[in-house]
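This report concerns only the one structure given below.
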Amino acid sequence: MVYNYKIKVSLKGFEKQIKRVFIINDNVKINDFCKVVITSMNGYLEHLYVLKYKDKNYICDYMDKNDDDEIKMNSLRINKLVLEEKDKLELIYDFGDNWVFKMTVVKVIIGHNNKNIELIDGIGKGIEEDCGGTWGLIDLINDKNNDWDYNYEDFDMNRINDEIDKKYNTKR
């Protein structure tokens, strides 16, 4: 049986201001989904990241750790997580700036979807690499001079879905 999940993602500290909602197929690689979340939130994938779920850490595929508590994400698929409605996950990106994306499984949908991953809603530009994390982003949003050229309103769902389609929604 094929499952799809409606997953709400929000940037910790900005839950009402910066969020994304995805529909994701359970056959998608965990690592691919993490990459989509990070890039949809304006991240460049230049830093390490880890997905935390039910006392397990699913680490990015280029880290060399692999013990009982840390599982490599490069080949594991979402279906291995056995997600249920209201489950909570946490994606941590860039251990210096420490961006935390809170994820909630909003709905489990039985059946096929046309796409492996699709962004269906969102608000806010997202993070700004190397700005100093949450506190740095608050400063950027409030910066009257806009020295970093940060525009909170710069969110383009069509552009993000085009990128997702190119990389993850190839014909089955």
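The values are calculated or read from the model by the stated rules, or taken from the named source; none is laboratory data. This structure is a prediction, so every number in the text was calculated from the model and none was measured. So basically every Cβ, Gly included, is an ideal-geometry build from the backbone, and we count neighbours across all protein chains shown. All accessible areas refer to the heavy atoms of the entire protein, side chains included, with ligands and DNA or RNA removed. Shrake-Rupley method; radii C 1.70, N 1.55, O 1.52, S 1.80 Å.
Details
- Test: residue in the stretch 10-28 that is crowded, with 18+ Cβ neighbours inside 10 Å and either hydroxyl-bearing (Ser, Thr, Tyr) or part of a helix (DSSP H, G or I) (or both): yes
- Considering Asp97, Asp87, Asp130, the condition of being open to solvent by less than 60 Å² (accessible area, probe 1.4 Å), out of contact with any strand residue (DSSP E or B) (no Cβ under 6 Å at 6 or more places or on another chain) and not aliphatic (A, V, I, L, M) is satisfied by Asp97 alone.
- Selection within the stretch 103-116 - in contact with a Lys or Arg (Cβ under 9 Å, 6 or more places away or on another chain), open to solvent by less than 80 Å² (accessible area, probe 1.4 Å) and farther than 13 Å from Ile38 by Cβ: Thr104, Val105, Val106, Val108, Ile109, Asn116
- Of all residues in the stretch 1-37, those satisfying the criterion of being without any contact (Cβ under 8 Å) to a residue 60 or more places away in the chain and hydrophobic (A, V, I, L, M, F, W, C) are Ile30, Cys34.
- Residue match in the stretch 152-159 (condition: open to solvent by less than 40 Å² (accessible area, probe 1.4 Å) and closer than 24 Å to Asn98 by Cα): no
- Residue within the stretch 133-143 that is without any contact (Cβ under 8 Å) to a residue 24 or more places away in the chain, more than 19 Å from Trp99 (Cα to Cα) and exposed (fewer than 14 other Cβ atoms within 10 Å of the Cβ) present: yes
Residue-by-condition table, conditions (1) under 22 Å from Arg159 (Cα atoms); (2) at pLDDT 90 or above:
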{"position": "Ile18", "(1), (2)": "yes, yes"}
{"position": "Tyr44", "(1), (2)": "yes, yes"}
{"position": "Leu51", "(1), (2)": "no, yes"}
{"position": "Lys56", "(1), (2)": "no, no"}
{"position": "Asp64", "(1), (2)": "no, no"}
{"position": "Asp67", "(1), (2)": "no, no"}
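- Restricting the first member to the stretch 158-169 and to residues that are within 14 Å of Ile23 (Cα to Cα), and the second to residues that are open to solvent by 30 Å² or more (accessible area, probe 1.4 Å) and in a helix (DSSP H, G or I), the beta-carbon pairs closer than 9 Å and six or more apart or on different chains are Ile160/Thr39; Ile164/Thr39; Tyr168/Asp32; Tyr168/Lys35.
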